[in-house]
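J.: Can you read through this structure? Questions will come right after.
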C-alpha cells in the first residue's frame, strides 16, 4: 500500500502545532486533564514532562524517589512544578507500590501515559519481565479501575517500533509470536509481550488505547543531545573503535530514527485530544525517504573521522560473530545491531496523526551530525569535579554546540583553545556570568566537544567559517573572547565579518608565534601519525604538562582531572583529528596575513579600546605575537598558557573590568 511522503519539518511547526492543539481543546467540553505517567525521568519522559508542564494539565508522575526525580527534571529544564505531583512507587511491585493516599490521587486521572522501563538492551530476561510485563499488568489494572468508576479518556502506551502487534492477521486477531526472534534481546521481547497484554486488555475493557512506537530515539533539536547511549550509541561506539569495517546487511537495511522532542510532541497532542479514536503510530519515516545503512555508516564515519566501511556482510553473520566471542573481545554488545532492519513499516495512521497535529516529518540527516558529535563526546566523557556548575543550559548556534547562561545586556561568546572544549571553560564562564549578569555562551570549535566536524578541507579556514555562521545568529553587539588558537580564530572571524559591534578579548593568542621545540617537528609528521601520537600520550604525561600551569591552592587535583579528561577525549578519532589539524596548521609555516595578527595594525588604529590581550608571561611554548599592534591594550599575568582554565577567577575579573570600560 502506498504511503504518501511526509515533508521535512521546520521550526515554524511549533507555532502551528500550538494553534491546532488549542483548536482541538477549545471545541471540546473536556473536564480538566489529569495525567498519570510512568517513565517521566527517562529520555522520552523528561522531554514529555517539559512540554506538558507548559500546558494546564495536572501531572501525576510515578517515581521511585521524588528528590531524585525533581533534580533530574529541573536539570533538564522543567521550571514550573506547580501542576506536578510526584507519586512514589515502582512498576515491578504489586499495586505499583502505591500508598493508599497516592492510590486515591491516581484513580482520579483520566489519561495514562505509560512510558516506563529501563532503556538497556542487555537486560537479563527475569529483570526485563519484572519491569515490562509486571509493570504492564499493574498499569492495565489501574486503567480498568479508572475506566470502571469514572471513565478513562485515553491510555497511551509507548513501546518499541519493532513490535509485531500493531498489525493484524487475516482473521482480525493479533499475530501470535512466541519469540519475537532469535536476534532480539529479552529487553525487546518483554516490551513486545507487554504491548500485546495492554492491547488485549484495552479491547476487553473497552477503553481508548493509542500505541506510540518510537524508532531509535536520538536527541532533540537544536542540540542533538542523546543521553540514551544504548540505541544508536552502540553503533557509534563500534565505529569509534573501528569495529564496523563493513555495512551490516548492506543497502537494503536501515536504522529508523526519531528525535525525542518529536516523540514527546506526539504524546502531548494525544493526551489533549478530546475524543481519541486510538491507533498505532510508528514514529519513523518511510524507508525510501531515510538513509540506508550504507549511507548512514558513511555519514557516521565522516563525522567520526574514521575510514568509511567497505562492502557489506549479511546481518546474521555479524550477529553470530558477536555472540560467538566478538562482544567479549570488543566490549560492544551483540544487541548493538538489534534495531537494524530491512522491513518497511505502515505509517498511514502516523501520517494522519501528524496532519492533525500540523507537524511534518523531520529529515534525520539534518540532525545526525549533532547527534553523532554528542554521542562521540559522551562516550569518551570523563565527568567534571562536583564543584563545576550544573545550572548551565545547552544550546546551539549555527553548527556549533554551546553551553552557558542567559542574562541581560551584551552576550559574551567564549571560544576555547587546543586540547580543550567548552566544558573546560565552565568555571570561567560561570564566574564571568556572576560578575557581569550578561549572557555567557561557551562554544565548542568544529570537531571539538559536541560540535560536528567542519566541512572544509583546511583546518583554520574551516573553523573561522563555522564560527562566522554561528555569529550570524547573534544580532547586536557582542564581546567575543578566544583562548590560544581560539583567539586567532575569533580574531579572524571578526575581521571577515566586517562587523564593528564585536569587541575582542584575546587570551594567550597563538598562531605563528610558537617557540622552537619538539612540537614544531612533530607537527610536520603526516596527519595520521600525529593524531596517533596525541591519542597514545599517557595521562601521566598530560598531568606533568598541566602541573606546570598550576600552583598552590589552585591545584586541588585539577591537573589530574584535566589530564584524565584530555587523555579520554583524545581517544575519539574526531577530537584527536581536530587537534592535530590545528597543530599542523600552526606549525606548518603556511599562514596568511590574518593568522599572523598583522591585521591588528589596521584594526587597532580605530578600535584600540575595543580589544584586549591578556598574556601569561610564564608560557613556555609561545611568545607574545611580534606583529600585534602596540596600541592594543595588554595585561600581563604571571601564569602559563592555560591560565583561563586554572586561574579563572582572576581572568573573569580582568574581563569584567575591561567590559566596564566599554560602557
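J.: Which one of these does residue 468 not meet: (1) over 25 Å from residue 619 (Cβ atoms); (2) in contact with a strand residue (DSSP E or B) (Cβ under 7 Å, 6 or more places away or on another chain); (3) not in a loop (DSSP other than H, G, I, E, B)?
T.: Against the list (1) over 25 Å from residue 619 (Cβ atoms); (2) in contact with a strand residue (DSSP E or B) (Cβ under 7 Å, 6 or more places away or on another chain); (3) not in a loop (DSSP other than H, G, I, E, B), residue 468 comes up short only on (2).
J.: Scan segment 408-428 residue by residue and report those that are surrounded by fewer than 24 Cβ atoms within 10 Å (Cβ to Cβ) and closer than 15 Å to residue 649 by Cα.
T.: Matches in segment 408-428: 426, 427.
J.: Taking residue 636, is it assigned by TED's automatic domain parsing to the domain that holds residue 425 and either over 30 Å from residue 525 (Cβ atoms) or at pLDDT below 75 (or both)?
T.: On the way: assigned by TED's automatic domain parsing to the domain that holds residue 425: yes; either over 30 Å from residue 525 (Cβ atoms) or at pLDDT below 75 (or both): yes.
It is true that residue 636 is assigned by TED's automatic domain parsing to the domain that holds residue 425 and either over 30 Å from residue 525 (Cβ atoms) or at pLDDT below 75 (or both).
J.: Take the residues in segment 471-490 that are part of a helix (DSSP H, G or I) and under 22 Å from residue 409 (Cα atoms); name whichever of them is farthest from the chain's Cα centre (by Cα).
T.: Pass one, segment 471-490, residues part of a helix (DSSP H, G or I): 471, 485-490.
In the following step, the residues that additionally are under 22 Å from residue 409 (Cα atoms) were identified as 471, 490.
Details: 471: 21, 490: 25 Å.
Here the answer is 490.
J.: Restricting attention to segment 44-60, does a residue exist that is within 18 Å of residue 214 (Cβ to Cβ), out of contact with any helix residue (DSSP H, G or I) (no Cβ under 8 Å at 6 or more places or on another chain), at pLDDT below 95 and surrounded by fewer than 23 Cβ atoms within 10 Å (Cβ to Cβ)?
T.: Pass one, segment 44-60, residues within 18 Å of residue 214 (Cβ to Cβ): 44-52.
Next cut, out of contact with any helix residue (DSSP H, G or I) (no Cβ under 8 Å at 6 or more places or on another chain) only: 45.
Now restrict to residues that are at pLDDT below 95: none.
No, because not a single residue in segment 44-60 is within 18 Å of residue 214 (Cβ to Cβ), out of contact with any helix residue (DSSP H, G or I) (no Cβ under 8 Å at 6 or more places or on another chain), at pLDDT below 95 and surrounded by fewer than 23 Cβ atoms within 10 Å (Cβ to Cβ).
J.: On to the next question. Among the residues of segment 102-125, is there at least one that is part of a helix (DSSP H, G or I) and either at pLDDT below 90 or under 20 Å from residue 196 (Cα atoms) (or both)?
T.: Our first condition is that a residue be part of a helix (DSSP H, G or I); within segment 102-125, this holds for 102-106, 125.
Okay, now just the ones that are also either at pLDDT below 90 or under 20 Å from residue 196 (Cα atoms) (or both), so 125.
Scanning segment 102-125 turns up at least one residue that is part of a helix (DSSP H, G or I) and either at pLDDT below 90 or under 20 Å from residue 196 (Cα atoms) (or both).
J.: Among the residues of segment 500-515, is any in a helix (DSSP H, G or I), closer than 27 Å to residue 565 by Cβ and in contact with a strand residue (DSSP E or B) (Cβ under 8 Å, 6 or more places away or on another chain)?
T.: Taking segment 500-515 as the starting set, the residues that turn out to be in a helix (DSSP H, G or I) are none.
No, segment 500-515 has no match at all.
J.: Restricting to segment 636-654, and then to whatever is under 30 Å from the mean Cα position of the chain (by Cα) and closer than 14 Å to residue 433 by Cα, can you tell me which residue is surrounded by the fewest Cβ atoms within 10 Å (Cβ to Cβ)? Give the steps one after another, and end with the answer.
T.: Going through segment 636-654, the residues under 30 Å from the mean Cα position of the chain (by Cα) turn out to be 642-649, 651-652.
Of the ones still in play, those that are also closer than 14 Å to residue 433 by Cα are 648-649, 651-652.
Details: 648: 20, 649: 13, 651: 26, 652: 23.
Among those that are under 30 Å from the mean Cα position of the chain (by Cα) and closer than 14 Å to residue 433 by Cα, it is 649.
J.: Would you please list the contacts, defined by Cβ atoms under 9 Å and residues six or more apart or on different chains, that run from a residue in segment 76-89 that is in contact (Cβ under 8 Å) with a residue 40 or more places away in the chain to a residue that is surrounded by fewer than 16 Cβ atoms within 10 Å (Cβ to Cβ) and in a loop (DSSP other than H, G, I, E, B)?
T.: Here the result reads 87/99, each pair linking segment 76-89 to a residue that is surrounded by fewer than 16 Cβ atoms within 10 Å (Cβ to Cβ) and in a loop (DSSP other than H, G, I, E, B).
J.: Could I ask something else about it? From 69, 128, 75, which residue is in a helix (DSSP H, G or I), modelled with pLDDT of 95 or more and within 29 Å of the chain's Cα centre (by Cα)? If you could, list the steps in order and put the result at the bottom.
T.: Numbers: 128 fails: modelled with pLDDT of 95 or more; 75 fails: modelled with pLDDT of 95 or more.
After applying the criteria, what remains is 69.
J.: Related question: Among the candidates 387, 366, 430, 335, which residue alone is out of contact with any strand residue (DSSP E or B) (no Cβ under 6 Å at 6 or more places or on another chain) and at pLDDT 95 or above?
T.: Going through 387, 366, 430, 335 in turn, just one is out of contact with any strand residue (DSSP E or B) (no Cβ under 6 Å at 6 or more places or on another chain) and at pLDDT 95 or above: 430.
J.: Which condition from (1) modelled with pLDDT under 90; (2) under 24 Å from the mean Cα position of the chain (by Cα) is the one that residue 327 breaks?
T.: In the conditions (1) modelled with pLDDT under 90; (2) under 24 Å from the mean Cα position of the chain (by Cα), residue 327 misses (2) alone.
J.: Mind checking which residues of segment 144-155 are over 17 Å from residue 31 (Cα atoms) and either touching a helix residue (DSSP H, G or I) at 6+ places or on another chain (Cβ under 7 Å) or surrounded by 23 or more Cβ atoms within 10 Å (Cβ to Cβ) (or both)?
T.: The answer is 144, and nothing else.
J.: Among the residues in segment 585-596, are any within 34 Å of the chain's Cα centre (by Cα) and modelled with pLDDT of 85 or more?
T.: yes
The values are calculated or read from the model by the stated rules, or taken from the named source; none is laboratory data. Quick caveat: nothing in here was measured; it's all calculated off a predicted structure. In this analysis, Cβ positions are derived from the backbone assuming ideal geometry, glycine residues included, and neighbour counts consider all displayed protein chains.
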